[in-house]
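Student: Next up is a structure, given as structure tokens.
What follows draws every value from the coordinates through simple rules; no lab data is involved. Keep in mind that what you see is a predicted model, and the values were worked out from it rather than measured. When we count neighbours, we look across all protein chains shown, and the Cβ atoms used for this are built from the backbone with ideal geometry, even at glycine.
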């Protein structure tokens, strides 16, 4: 029985025998084993789910519900905390008119981020004349403007 957990980047596997059930945590991306624990007397584990910050919950073939706190859960993965703002783009732009707008992406989180990309798909009626980025790169591909930062951003 497998239970994926995207919040920690792990997948949990339960394998039981007459002595109990062994729970193993694997890396969700590489499937490499990370940690395991044995729960004695828990035969026939089924319906495995994550429980709380550090637990697994499951039922047994005898109808018991078991809650196990275990260190195999691992810490939650960090997520990006980005803010996007823009200025200079009018609500209405006359035909053949031009304007400039500034789109700013700011990391408001506590950790540097890498691999950040911002994509903006403009109307077919808009011609993008120039795109630039203060760091990273900016490109236009068949209408969408895309800015990407490959290094870390704090």
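Student: Give me the compactness ratio for the stretch 2-73, meaning the Cα radius of gyration over 2.2 N^0.38 Å.
Tutor: For the stretch 2-73, the normalised Cα radius of gyration comes out at 1.02.
Student: So, R0 is 35 Å and r is the distance between the beta-carbons of residue 17 and residue 76; what FRET efficiency does that work out to, to 0.05?
Tutor: For R0 = 35 Å, the calculated efficiency reads 0.65.
Student: Which ordering of 58, 13, 26 is given by a fewest-first count of other beta-carbon atoms within 10 Å?
Tutor: 13, 26, 58
Student: Taking percent of Cα pairs over 20 Å apart as the quantity of interest, determine which of (i) 64; (ii) 57; (iii) 47 was computed from the displayed structure.
Tutor: Correct label, based on the coordinates given: (i).
Student: May I pose another question? With an 8 Å cut-off on Cα pairs and a minimum separation of 6 or more residues, tell me the relative contact order of the stretch 4-56 in percent.
Tutor: Relative contact order for the stretch 4-56 comes out at 30 percent.
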